[in-house]
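Accompanying notes for the structure given below.
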Amino acid sequence: LERFGPDFTPENVAETWLMNLPILHVCTAERVAYKNLVNLVLPPDSAVYRNAYREWIGAQIRGDFFGYITPGNPALGAEMAWRDASISHVKNVIYGEMWVAAMLSAAAVVDDMEDIIRIGLAEIPQKSRLAEALRDVLTWKKKGMDWEDALDEIHRRYDENNGHDWCHTISNAMIVAAALLYGE
């Protein structure tokens with residue numbers, strides 16, 4: 001953002017990674033994307049080529065920054081998050097970063113946690129698996145399900161002992177949504 005401005009591209013993000021991040025400071029999807037970039041596999045292909053981790057939570061973790069720099073403008077936060085996420089992740093993981101960025105942007109001007117989650121949800125494709133899962137969590141709360149039952153339901157759907165499930169964006173986003181809703 002400092003070097004390329006608010007209209008930065010995924011290619012600008014990739015260049016910034018290569019110029020500023022040592023490869024051993026990244027892991028899983030980011031490390032595979034980094035190797036791809038070094039081998040001139042550019043975005044968006046850098047996210048998918050030989051990247052078994054492309055649906056893990058790395059991009060969702062990076063979303064905070066874009067929410068913090070766009071207070072009150074969730075659409076811009078989500079759009080910037082998309083440009084960042086697309087170099088290392090795909091589909092629902094890109095949406096996870098967009099969701100987090102939009103929520104944090106909204107949180108600067110909105111107090112109600114459900115509204116914040118819904119604002120974030122409005123910035124991702126409504127027919128995505130992530131959107132469906134997040135709507136489930138919102139429905140559970142509305143129907144009066146307590147937090148323990150909500151977490152049990154998430155664990156019924158996703159097995160923490162399965163390497164894919166425990167670090168997947170959808171299960172992580174459901175836990176984040178439940179924590180925000182029930183923790184207020």
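The values are calculated or read from the model by the stated rules, or taken from the named source; none is laboratory data. Keep in mind that this is a model prediction, so the values were computed, not measured. Virtual Cβ from ideal backbone geometry, glycine too; neighbours counted across all protein chains shown. With ligands, DNA and RNA removed, areas are computed over all heavy atoms of the protein, side chains included. Shrake-Rupley method; radii C 1.70, N 1.55, O 1.52, S 1.80 Å.
Tabulated data for the structure shown
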| item | result |
| --- | --- |
| Answer from A59, A52 - the residue that is at pLDDT below 95 and assigned to a loop (DSSP other than H, G, I, E, B) | A52 |
| Counted residues, segment 22-37 - those being at pLDDT 95 or above and on the phi > 0 side of the Ramachandran plot | 0 |
| Only listed residue being over 25 Å from D165 (Cβ atoms) and of a type outside the set (F, W, Y), chosen from T28, T70 | T70 |
| Number of positions in segment 161-182 that are under 22 Å from Y95 (Cα atoms) and out of contact with any Gly (no Cβ under 8 Å at 6 or more places or on another chain) | 15 |
| Scan of segment 1-17 for residues that are of a type in the set (A, V, I, L, M, F, W, C) and farther than 17 Å from A59 by Cα, ordered by number | F4 |
| Those helices (runs of 4 or more DSSP H) lying entirely in segment 136-183 with at least 2 residues among the small types (G, A, S) | 169-183 |
| Selection status of A102, within 15 Å of the chain's Cα centre (by Cα) and open to solvent by 50 Å² or more (accessible area, probe 1.4 Å) | no |
| Filter result for L1 (modelled with pLDDT under 95 and open to solvent by 60 Å² or more (accessible area, probe 1.4 Å)) | yes |
| Conditions (1) in contact (Cβ under 8 Å) with a residue 60 or more places away in the chain; (2) closer than 28 Å to D165 by Cβ; (3) polar (S, T, N, Q); number of the one not met by T9 | (2) |
| Residues being open to solvent by less than 60 Å² (accessible area, probe 1.4 Å) and either of a type in the set (F, W, Y) or under 23 Å from W99 (Cα atoms) (or both) - total across segment 35-57 | 7 |
| Residue check, V32 open to solvent by less than 10 Å² (accessible area, probe 1.4 Å), in a helix (DSSP H, G or I) and touching a residue at least 12 places away in the same chain (Cβ under 8 Å) | no |
| Restricting segment 87-99 to residues that are part of a helix (DSSP H, G or I) and of a type outside the set (V, I, T), the residue that is most open to solvent (accessible area, probe 1.4 Å) | K91 |
